[in-house]
């Protein structure tokens, strides 16, 4: 079995503080800085210890962010607006999905919910699952 990086190498990377769970914004910021520094190095220049330390930091950051920053599910209308923005589309570009300018307006203003046929056409247009709109 090949030996991994030694304790001395980890101490050199970590400084005085070994990896541990992140509990506050200051610790989160410090780990983000560590990870940013490691990611700035070309991959071929990272030592095995730096790569493993970076992986540990990424796991710690992900754990903290999942607990701290809970995202609510987007509504179908919010998803539609985001997809339109991401694809540079305007209301007129959705007439083929909704059938008329008035129907597009009603849908985008939340005055009428999306129906099954519209959801299918939107999913096909944006190449996403119909589940995105339900």
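The values are calculated or read from the model by the stated rules, or taken from the named source; none is laboratory data. As the structure is a computational prediction, the values presented were derived from the model and not from experiment. Cβ sites come from the backbone with ideal geometry, for glycine too, and all protein chains shown count toward neighbours.
Against the conditions (1) farther than 26 Å from residue 127 by Cβ; (2) at pLDDT 90 or above; (3) surrounded by 14 or more Cβ atoms within 10 Å (Cβ to Cβ), residue 10 satisfies every one except (2). Among the residues of the stretch 57-65, is any modelled with pLDDT under 90 and either in a loop (DSSP other than H, G, I, E, B) or not assigned by TED's automatic domain parsing to the domain that holds residue 127 (or both)? Scanning the stretch 57-65, I find at least one residue that is modelled with pLDDT under 90 and either in a loop (DSSP other than H, G, I, E, B) or not assigned by TED's automatic domain parsing to the domain that holds residue 127 (or both), so the answer is yes.
Table: residues versus (1) touching a helix residue (DSSP H, G or I) at 6+ places or on another chain (Cβ under 7 Å); (2) surrounded by fewer than 11 Cβ atoms within 10 Å (Cβ to Cβ).
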site	(1), (2)
34	yes, no
41	no, no
56	no, no
75	no, no
86	no, yes
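Residues in the stretch 34-54 that are more than 13 Å from residue 13 (Cα to Cα) and assigned to a helix (DSSP H, G or I): 36, 39, 40, 43, 44, 45.
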